[in-house]
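The values are calculated or read from the model by the stated rules, or taken from the named source; none is laboratory data. Since this is a predicted model, take the numbers as computed values, not measurements. Because the Cβ atoms are built from the backbone with ideal geometry, glycine has one as well, and the counts that use them run over all protein chains shown.
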Amino acid sequence: MNTRKLIDLAGIARLLGVAPTTPQQWRMRNQLPDPDEPDFPDKPLWYTETIIKWAKATDRWPPGRVARPRARAS
């Protein structure tokens with residue numbers, strides 16, 4: 001896999017095996033890392049390696065893995 005390839009939100013969904021709208025929701029919640037290519041605000045782009053690192057750090061890697069639910073505050 002070429003990890004220097006730039007991907008958009010749809011590419012993130014394909015890479016991680018999630019619904020097409022899931023990366024959009026992560027972005028709206030400020031859960032995704034800052035885009036690697038911020039020159040196009042309407043179409044943010046990330047390097048594949050950035051998303052893989054983020055996915056590993058947030059238990060979303062390997063693809064199709066379901067993140068552990070957050071503990072509820074008592």
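Some points to look at:
- Residue that is surrounded by the most Cβ atoms within 10 Å (Cβ to Cβ) [pool: residues in region 45-55 that are more than 10 Å from Leu16 (Cβ to Cβ) and either at pLDDT below 95 or in contact with a strand residue (DSSP E or B) (Cβ under 8 Å, 6 or more places away or on another chain) (or both)]: Trp46
- So Asp36, is it touching a Ser or Thr at 6+ places or on another chain (Cβ under 8 Å) and of a type in the set (Asp, Glu): yes
- Region 3-16 residues that are without any contact (Cβ under 8 Å) to a residue 24 or more places away in the chain, paired with ones that are surrounded by fewer than 19 Cβ atoms within 10 Å (Cβ to Cβ) (beta carbon under 7 Å, 6 or more apart): Ala10/Pro20; Ala13/Ala19; Ala13/Pro20; Ala13/Thr22
- Filtering region 1-26 to residues that are charged (D, E, K, R) and loosely packed, with under 15 Cβ neighbours inside 10 Å leaves Arg4, Lys5, Arg14.
- Looking only at residues of region 20-37 that are among the charged types (D, E, K, R) and closer than 18 Å to Leu6 by Cα, we find that the one that is farthest from the chain's Cα centre (by Cα) is Glu37.
- No other residue among Pro63, Pro69, Pro41 is part of a loop (DSSP other than H, G, I, E, B), surrounded by 12 or more Cβ atoms within 10 Å (Cβ to Cβ) and modelled with pLDDT under 95 apart from Pro63.
- All positions within region 26-38 that are part of a loop (DSSP other than H, G, I, E, B) and in contact with a strand residue (DSSP E or B) (Cβ under 9 Å, 6 or more places away or on another chain): Leu32, Pro33, Asp34, Pro35, Asp36, Pro38
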